[in-house]
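For reference, the structure discussed in these notes is given below.
What follows is calculated from the coordinates using simple rules that are stated; it is not laboratory data. The structure displayed is predicted, hence computed values, not measured ones. Note that each Cβ is placed from the backbone with ideal geometry, even for glycine, and that neighbours are counted across all protein chains shown.
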Amino acid sequence: MAITLSLIVLILSVVVHEVSHGYAADALGDPTARLSGRLTLNPLPHIDLMGSILIPALLIFSGSSVLFGWAKPVPYNPYNLKNRRWGEAFVALAGSASNLFLAVVFGLIVHFGAAFFSPQALSVAATITFVNLFLGLFNLIPFPPLDGYTALRAALPWSFAARLGAFEQRIRSTGLLALIFFLFFFSLLLAGPFFKLVVWLFSLLTGTPA
């Protein structure tokens, strides 16, 4: 039951993540996502079989220290953004911001909601908190195609941004190979400290001991 709940929460969380990119782009002048019918929380238009179901299920059922998944990227055209200097960075960060917002809201429900909610409801809220903390922070890592890399590239001067853009294109051209390598590298060297950070923040938000 806990594994199934984690998978459902992860799928819905990556949908919220992608929709937030689209809303941010729309607010900044690019209607591409809206005109494509992607500004909806209905999971069906967003689900990617590999990224939304198969890989998350494999990671969760294998007990991996990495909790990761993605939905179909919401389309947007950065050249339509009103703020050409910072617009792309804002759009990139909107996804993680939405996940961290959910983590704070549901974490506070766990922290202060014992008198108002059942233990089962608080358990669901705790799962939402943990998954969104992990997802939001993980996507801030500056490695392509994660949002942290896009935000960093967009925030740098053009000469540096062009180099990062060229590197990103080379990484994307390798397809899943780069993702597998990154997840292996992350699991080997970064997962321990990252997991401790997520657990510490989870404890801080929910008021539960680490």
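The HN-Hα couplings worked out from phi for the range 50-61 by the Karplus form 6.51 cos²θ - 1.76 cosθ + 1.60 (θ = phi - 60°) are 6, x, 9, 10, 5, 5, x, 4, 4, 5, 5, 5 Hz, whole numbers, x standing for Gly and Pro. In a fully extended conformation the segment linking F184 and W158 would gain 6.2 nm over its present Cα-Cα distance, using 0.36 nm per residue.
Spatial offset of the range 138-171 relative to the range 10-26 amounts to 20 Å, using the alpha carbon center of each.
When the Cα convex hull of the range 76-210 is projected onto planes of every orientation, the mean area is 10.2 nm².
Between the listed residues L205, S187, T127, the Cα displaced farthest toward the positive end of the dipole of the chain, a dipole computed from Cβ unit charges relative to the Cα centre, is found at S187.
The value of relative contact order for the chain, using C-alpha pairs under 8 Å at least six residues apart, is 22 percent. Highest-first packing order for the peptide set 102-108, 118-124 is 102-108, 118-124, based on the mean count of other beta carbon atoms within 10 Å. With a Förster radius of 25 Å applied to the C-beta separation of V104 and A191, the computed FRET efficiency comes to 0.60. Per-residue 3J(HN,Hα) values for the range 17-25, derived from phi via the Karplus relation 6.51 cos²θ - 1.76 cosθ + 1.60 with θ = phi - 60°, read 4, 5, 4, 5, 4, x, 5, 5, 4 Hz in sequence order (x marks Gly and Pro). On the principal axes of its alpha-carbon atoms, the range 131-210 has extents of 46, 28, 18 Å, going from largest to smallest.
Taking other Cβ atoms within 10 Å as a rough exposure proxy, F101, F68 sort from fewest to most as F101, F68.
Rg and Dmax over the alpha-carbon atoms of the range 5-158 stand at 16.2, 53 Å.
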